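The structure under discussion appears below in the form of C-alpha cells.
The values are calculated or read from the model by the stated rules, or taken from the named source; none is laboratory data. As the structure is a computational prediction, the values presented were derived from the model and not from experiment. In this analysis, Cβ positions are derived from the backbone assuming ideal geometry, glycine residues included, and neighbour counts consider all displayed protein chains.
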Amino acid sequence: MTGQNDNGFTRIQCTVNGVPRSLFIDVRKSLLELLRQDLGLTGTKEGCGVGECGACSVLVDEVLVDSCIYLAVWVDGKAIRTVEGEARDGRLSPVQQAYVEEGAVQCGFCTPGFIMASTSFVEKHQGQEVSADQIRKGHAGNLCRCTGYQNILKAVEKSLKP
C-alpha cells in the first residue's frame with residue numbers, strides 16, 4: 001500500500017483473475033464490495049455478510065476466504081481468483097464442468113462460492129484418494145438451502161479423477 005490519505009482512502013495493487021489492478025479504495029471496504037462494486041465481478045455473492053455461508057468465497061493467494069469479512073486493503077500485492085476467472089478460452093474449468101454434468105447447481109446463488117471451495121479442495125487433493133467425509137469437511141464453510149449436497153460431492157469426486 002502506498003499509504004492512507006486523510007479521507008480514509010488508499011491505493012492498492014493486486015491481480016484479479018490474472019489481470020493486474022491498481023485501485024484507489026476506501027480502507028473500510030470489504031473484498032466483496034471491491035469485486036462487485038468497483039470491478040463489476042458480480043459472480044461472487046453476498047449471503048450472510050458475516051462469513052458464515054460461503055456464498056462470497058474466493059481465493060486469495062490460493063487460500064479460500066470469505067470476501068465479505070476480508071478487507072480489500074489486505075489484498076495489496078496478492079492474487080485473487082473469482083468464479084469469473086475459472087473458465088478459460090470459453091471453456092468451463094474442470095470443476096465447473098463437473099458441476100454442470102452432475103447437476104450440482106440448483107438456484108445458483110451459492111454456486112460461485114461452492115465452485116471456489118471445490119476448486120481449492122481439488123487443487124489441494126488432485127490425484128489423491130479422498131473420502132466423501134473429507135470432501136464434506138472441505139466444504140464445511142459453504143451452505144446451500146436448495147440441495148442435499150450429494151450432487152456437489154459427486155462433482156468434486158469427478159473433478160479429482162485424472
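The table below lists the values:
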{"item": "Flag for PHE114 being assigned by TED's automatic domain parsing to the domain that holds TYR149, more than 25 Å from VAL27 (Cβ to Cβ), surrounded by fewer than 19 Cβ atoms within 10 Å (Cβ to Cβ) and within 14 Å of the chain's Cα centre (by Cα)", "result": "no"}
{"item": "The range 1-38 - residue that is assigned to a loop (DSSP other than H, G, I, E, B) and either out of contact with any strand residue (DSSP E or B) (no Cβ under 9 Å at 6 or more places or on another chain) or at pLDDT below 95 (or both) and, of those, surrounded by the most Cβ atoms within 10 Å (Cβ to Cβ)", "result": "MET1"}
{"item": "Of residues in the range 98-111 being crowded, with 24+ Cβ neighbours inside 10 Å and over 16 Å from the mean Cα position of the chain (by Cα), the one modelled with the highest pLDDT", "result": "ALA98"}
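Condition check ((1) more than 12 Å from SER159 (Cβ to Cβ); (2) in contact (Cβ under 8 Å) with a residue 60 or more places away in the chain; (3) within 16 Å of the chain's Cα centre (by Cα); (4) buried (at least 18 other Cβ atoms within 10 Å of the Cβ)) across all residues:
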{"site": "GLY40", "(1), (2), (3), (4)": "yes, no, yes, no"}
{"site": "GLY47", "(1), (2), (3), (4)": "yes, yes, yes, yes"}
{"site": "SER57", "(1), (2), (3), (4)": "yes, yes, yes, yes"}
{"site": "TYR70", "(1), (2), (3), (4)": "yes, no, yes, yes"}
{"site": "ASP76", "(1), (2), (3), (4)": "yes, yes, no, no"}
{"site": "ALA79", "(1), (2), (3), (4)": "yes, yes, yes, no"}
{"site": "GLU86", "(1), (2), (3), (4)": "no, no, yes, yes"}
{"site": "ASP133", "(1), (2), (3), (4)": "yes, no, no, no"}
